[in-house]
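The values are calculated or read from the model by the stated rules, or taken from the named source; none is laboratory data. Nothing here was measured: the structure is a model prediction, and the numbers come from that model. Using ideal geometry, Cβ is built from the backbone for each residue, glycine included, and neighbour counts are taken over all protein chains shown.
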Amino acid sequence: MSTQDGVSLARNRDFLFFIASRGGSMAGFQVLAVAAGWHVYARSQDVLNLGLIGLFMFLPFLLLFLVAGLVADMVDRRWILGIGNLVHAVNMLALGAWFLSGQSALWPVFALLVVSGSAQAFLHPAQQAILPGIVSRAEFPRAVAVSSSVTTVAQLGGPALAGLLLAVLDEHIYWVASGLYLVAGIGGALIRARLHIHGREPFGPELLFGGFRHIARTPEVLGAISIDLVAVLFGGVMGILPVYAQDILHVGPLGLGVMRATPALGALLVALWLTRFGMPFRAGPGFLWSIAVFGLSILVFALSHVFWLSVLALAVYGGSDMISMNIRQTLVQMRTPDALRGRVAAVNGVCINASNQLGDFRAGLMAAFTGTPATVAIGGAVTLGVVALWARLFPQLRQMERADI
């Protein structure tokens, strides 16, 4: 049970500190991603190095997710937030100092990005697992919506802020990123609720793979995580937007920027609506229908040659994804014992990250053989088929009510 039962989100001190931590961390990450890409490319003029940035930040997440999930279930999660963001803050100072030194070698930059990726690997499951311990069960869906709103604002505003700061501060931008991570660390450390899991299992495969075991034994959780993985793997369109901007819609870089921002804007509007009014429909059907709408929006986008219709489809794409994410995250956290939430969040996180990475690769590879519109349309059709199949394979998921999560 949460230590904040009966306390509204606006008066929940721990939740407000968590939101400050979450927002600072996400904004810091956005600034890092934009600035590192800019400075690495400016020094090397090699596009391959831009790919290496993503690789060196993702690989630690992939390699450490089992350990990170276990740590989130064994160590007070407040301190993971504090220490993880502090590592980020110090790392940003080191990264800024290296760029200011004028050295041309990039291996220290990639090494520091591995450190950031490692810190993020430990932060993610702790951030995901912490909410049920600081808000009541009744307020949890709204808390997820507020947290998602803050994340989306950071995703929208972070790159724009980074671009402005790069123009003004150049290499000194990393001091700002360090400050954002420091705010995030302090916010996490100031949470009062005790978030340490009591009771220790003997170390072994059962302990390390406890998240996988719980997911496999809980059909509705398995169904929710797996359908999201498949939908993102086949339905992701963000990596292929430059082709639509240049060759299909002919809207240039400005149109590309609008299309890149539109899904996040649609997600933000839906998240704000969920924060204010809550989920208005049954959880199970709402979850499946939101993914079906996600698939339909992909089909509309695939076939559209009109810019405003494409933008509208992308807004629906982002909004429907926000609804499914809100239900999925609430379901996964509420159907997972607190002692396992870190490990389950780690598995969920690596599935999401892997499907995003592989989804862009899948889209690019298929487009080379079938053409871009056909590739996107196939992804939308597969998503719709998966919804129908999962509704039959996981009846527990289909039958869930709001009270069930």
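Looking at the stretch 1-21, can you tell me whether even one residue there is touching a residue at least 60 places away in the same chain (Cβ under 8 Å), acidic (Asp, Glu) and surrounded by fewer than 17 Cβ atoms within 10 Å (Cβ to Cβ)? Looking for residues that are touching a residue at least 60 places away in the same chain (Cβ under 8 Å), acidic (Asp, Glu) and surrounded by fewer than 17 Cβ atoms within 10 Å (Cβ to Cβ), one finds at least one in the stretch 1-21, hence yes. Look at Arg192 and say whether it is surrounded by fewer than 21 Cβ atoms within 10 Å (Cβ to Cβ), in contact (Cβ under 8 Å) with a residue 40 or more places away in the chain and more than 16 Å from Thr383 (Cα to Cα). Criteria met by Arg192. Just one of the listed residues (Arg328, Arg341, Arg335) is in contact with a Ser or Thr (Cβ under 7 Å, 6 or more places away or on another chain), of a type outside the set (S, T, N, Q) and under 20 Å from Ser136 (Cα atoms), namely Arg335. Just to verify a result, which residue in the stretch 314-345, among those that are farther than 19 Å from Pro280 by Cα and either among the acidic types (Asp, Glu) or within 12 Å of the chain's Cα centre (by Cα) (or both), is modelled with the lowest pLDDT? If we take residues in the stretch 314-345 being farther than 19 Å from Pro280 by Cα and either among the acidic types (Asp, Glu) or within 12 Å of the chain's Cα centre (by Cα) (or both), then Asp338 is modelled with the lowest pLDDT. Among the polar types (S, T, N, Q), closer than 25 Å to Phe56 by Cα and in contact (Cβ under 8 Å) with a residue 40 or more places away in the chain - does that describe any residue in the stretch 129-144? No, the conditions are met nowhere in the stretch 129-144. None of Phe99, Phe122 is touching a residue at least 24 places away in the same chain (Cβ under 8 Å), crowded, with 20+ Cβ neighbours inside 10 Å and more than 22 Å from Val350 (Cα to Cα) except Phe99. For the residues Val350, Val382, Val376, the requirement of being part of a helix (DSSP H, G or I), within 30 Å of Gln127 (Cβ to Cβ) and in the same structural domain as Val232 (by TED's automatic domain parsing) singles out Val350.
Can you tell me how many residues in the stretch 110-139 are in a helix (DSSP H, G or I) and out of contact with any helix residue (DSSP H, G or I) (no Cβ under 6 Å at 6 or more places or on another chain)? Steps first, please.
First, the residues of the stretch 110-139 that are in a helix (DSSP H, G or I): 110-133.
Those still in the list that are out of contact with any helix residue (DSSP H, G or I) (no Cβ under 6 Å at 6 or more places or on another chain) too: 111, 120, 127, 133.
Residues flagged as in a helix (DSSP H, G or I) and out of contact with any helix residue (DSSP H, G or I) (no Cβ under 6 Å at 6 or more places or on another chain) within the stretch 110-139 amount to 4.
When Leu55, Leu64, Leu59 are checked against the criterion of being in a helix (DSSP H, G or I) and either surrounded by fewer than 15 Cβ atoms within 10 Å (Cβ to Cβ) or at pLDDT below 85 (or both), a single residue qualifies: Leu55.
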